[in-house]
Amino acid sequence: MGFPKNFMWGGGVSANQFEGGWNEGGKGISTSDTMTAGSHTSPRRITWKNISTGKVGSVELSFGNKKEFLPEGAIPTVLEHEYYPTHIASDFYHHYKDDIALLGEMGFKTFRLSINWARIFPNGDDCEPNEEGLKFYDSVFDECKKYGIEPLVTLSHYETPLNLTIKYGGWKNRECISIFEKYAKTVIERYLGKVKYYLTFNEINAMGMMPYMAGGLIDFSEQAKAQGVHNQFVASAKVVKLAHEISPEIKVGQMLAYTPIYTYTCDPLDQILALETMQKTLFYSDVQTGGAYPKYKLKEYERNGIKLDDCDEDYELIKKYSSDFLAFSCYCSSTITTHNELSENIAGNFSMGVKNPYMKTNEWGWATDPACLRVALNSLYNLYHKPLWIVENGIGWDDKLESDGSIHDSYRIDYLRQNIQSMNDAINIDGVELMGYSMWGCFDLISSGTGEMKKRYGFVYIDRDDKGKGSYNRYRKDSFYWYKKVISSDGVDLE
Ligand code: BG6
């Protein structure tokens, strides 16, 4: 029992974590360019300046509950003597030909990458796009074509042109809908015949936890986040509409961060906690893939006095132009309980909750859960009955480069083997419709949660450290050869 012949095996990256060339080729500044490096224990920070006083500083880019806010009158900015890990990132900007050749060597069918919005519209609201930026992605897609690789393009992966944050307050402003629509139209028309699959917003549910990264917001109020994501829903529906008008061949997906929830105890209160925690995620797919706001969210908005700046047409668009497929990221499950005293707390990016005694975790607290993909695939397929695509799954590890240029990452092979088996079960035992699997991040890149390089995910090792020092040479890890075998055997040979 293998995988379908047309299964889209591949891997993915995002522009802000992989591309670099942050101030080259006419690119404007993105929100992600203002984020410093952090670690598992010390959060990344957003640097700011106050235009009238000249004062500079930084605030914590925290997940979940915000502790610090930008001071009155301050705007995010790039400071001269600060180090920003994504400015060079893995330098795909100057290595893309060799990098895509490596993907070709592995037999990739698809490469998920994002377009850096500020490379196309440097200020977001420019009248004309930046031709040099458009040409760069033309060359990238041409290289993909050479190796028969289908690009899967995310239009916005955790970066917004900084000017949109400063001038409009980011996605909480409805102006962003038409600005994004113009950007999407420019890109989809330009790459017609080169790109067939798009995702609108990476992990759209990140708006709730990381509003600066997900929506360019510096106002972290519940009202601003609700409006921000409403505007993204409407923008996504408009992109589905315009993409289908440009070509019915083009498919536009939603991208959701999905983490199966397990309860630590059988206490009924733990089940209610699980239900409410899951609603926090499913709200986003209920709207973007299901086509309507769920009642539980409307009740919550009513209770909390949240009022959207909306109109009837928004809801018609959301209903009529829901996503063609549902793409999601899933790394592991989260175990939660109302009895926190029973187990050690763990937290990291989307993996929250308590330690599950049945699972091993990595240095960053992320667990390996062999069942998580089968659980996720069944849950999502049974809710929406739309094709699914796993666009992020993988494991970050502090890999060691040996003196002979080899990297022995058996832990990654073990993790992937179990996850691919879980996916196989969902297809062959449960009949889930799965379009493809895109391992994250197929090359080592900057961790979005911590800003580190040492949290390495790739099949390909990139020689640079947490401070940006290194040769930037590329090395094949053991998992590179293993994945090549997996692809060429259509997922049958997992040894
Ligand atoms: C997802 C993001 O949340 O998780 C990626 O879409 C990110 O951008 C990935 O890199 C892994 O998280 P981290 O924090 O290890 O980079």
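Relative intensity of region 1-121 on a log10 scale, I(q)/I(0) at q = 0.20, 0.23 Å⁻¹, equals -1.14, -1.31, per a Debye sum over C-alpha point scatterers of equal strength in the absence of solvent. The separation of region 269-298 from region 424-495, counted between C-alpha centres, amounts to 31 Å.
Over all directions, what mean area does the Cα convex hull of region 118-218 project, stated in square nanometres? Let's see the in-between values first.
Details: hull surface 25.5 nm².
Hull-based average projected area comes out at 6.4 nm².
Using the Karplus relation 6.51 cos²θ - 1.76 cosθ + 1.60 with θ = phi - 60°, the per-residue 3J(HN,Hα) values for region 206-218 come to 5, 3, x, 9, 9, x, 6, 5, 7, x, x, 8, 10 Hz, with x marking Gly and Pro. In the chain, the DSSP beta bridges split such that about 40 percent are antiparallel, to the nearest 5.
Here the relative contact order of the chain, from alpha carbon pairs under 8 Å that lie six or more residues apart, stands at 18 percent.
Loop-located chymotrypsin sites (Phe, Trp or Tyr not before Pro) across region 288-365 with a Cβ neighbour count of 14 or fewer within 10 Å are Tyr358, with loop assigned by DSSP. Considering only beta bridges that DSSP places wholly inside region 47-173, some 55 percent are antiparallel.
How would you rank 332-341, 269-278, 209-218, highest first, on the average number of other Cβ atoms within 10 Å across their residues? Numbers along the way, then the final one.
Numbers: 332-341: 17.8, 269-278: 14.9, 209-218: 25.5.
For the peptides 332-341, 269-278, 209-218, the packing ranking is 209-218, 332-341, 269-278.
Stretching the chain fully between Thr186 and Tyr411 yields a gain of 76.8 nm (0.36 nm per residue, less the alpha carbon separation).
Across all directions, the average projected area of the convex hull around the alpha carbons of region 166-297 is 9.4 nm².
Longest exposed-loop-site-free stretch of the chain, with trypsin sites (Lys or Arg not before Pro), DSSP loop and at most 12 other Cβ within 10 Å?
Numbers: sites that count: Lys5, Lys55, Lys67, Lys307, Lys400, Lys467, Lys469.
The answer is 68-306.
Karplus-derived 3J(HN,Hα) values for region 292-299, using 6.51 cos²θ - 1.76 cosθ + 1.60 with θ = phi - 60°, are 7, 5, x, 4, 4, 6, 5, 4 Hz; glycine and proline are entered as x. Backbone geometry of region 180-195 corresponds, through the Karplus equation with coefficients 6.51, -1.76 and 1.60 at θ = phi - 60°, to 3J(HN,Hα) couplings of 5, 4, 5, 4, 4, 5, 4, 6, 5, 5, 4, 9, 4, x, 10, 10 Hz, x marking Gly and Pro. Taking the Cα of Lys135, stepping 7 Å toward and past its beta carbon, and measuring to each backbone N in region 160-200: which are under 18 Å? Of the residues in region 160-200, 187, 190-191 have backbone N under 18 Å from the label point off Lys135. A full extension of the chain between Ser178 and Lys194 corresponds to an added length of 3.3 nm, given 0.36 nm per residue minus the alpha carbon distance.
Taking 20 Å as the cut-off for C-alpha to C-alpha distance, list the pairs among Lys238/Lys320; Lys251/Lys484; Lys146/Lys484; Lys97/Lys182 that go past it. The partial results should precede the final answer.
On the way: Lys238/Lys320 10 Å; Lys251/Lys484 27 Å; Lys146/Lys484 18 Å; Lys97/Lys182 29 Å.
Where the Cα-Cα span goes over 20 Å, the pairs concerned are Lys251/Lys484; Lys97/Lys182.
A DSSP coil position with no more than 15 other Cβ atoms inside 10 Å describes the following chymotrypsin sites (Phe, Trp or Tyr not before Pro) in region 1-91: Phe69, Tyr83. In the chain, the DSSP-assigned H stretches of four residues or longer account for a calculated mean residue ellipticity at 222 nm of -11000 deg cm²/dmol, using -39500 (n - 2.57) per stretch and the full residue count as denominator.
Coordinate-derived values only; no laboratory data. Just so it is clear, the structure is predicted and the values come from calculations on it, not from any experiment. Using ideal geometry, Cβ is built from the backbone for each residue, glycine included, and neighbour counts are taken over all protein chains shown.
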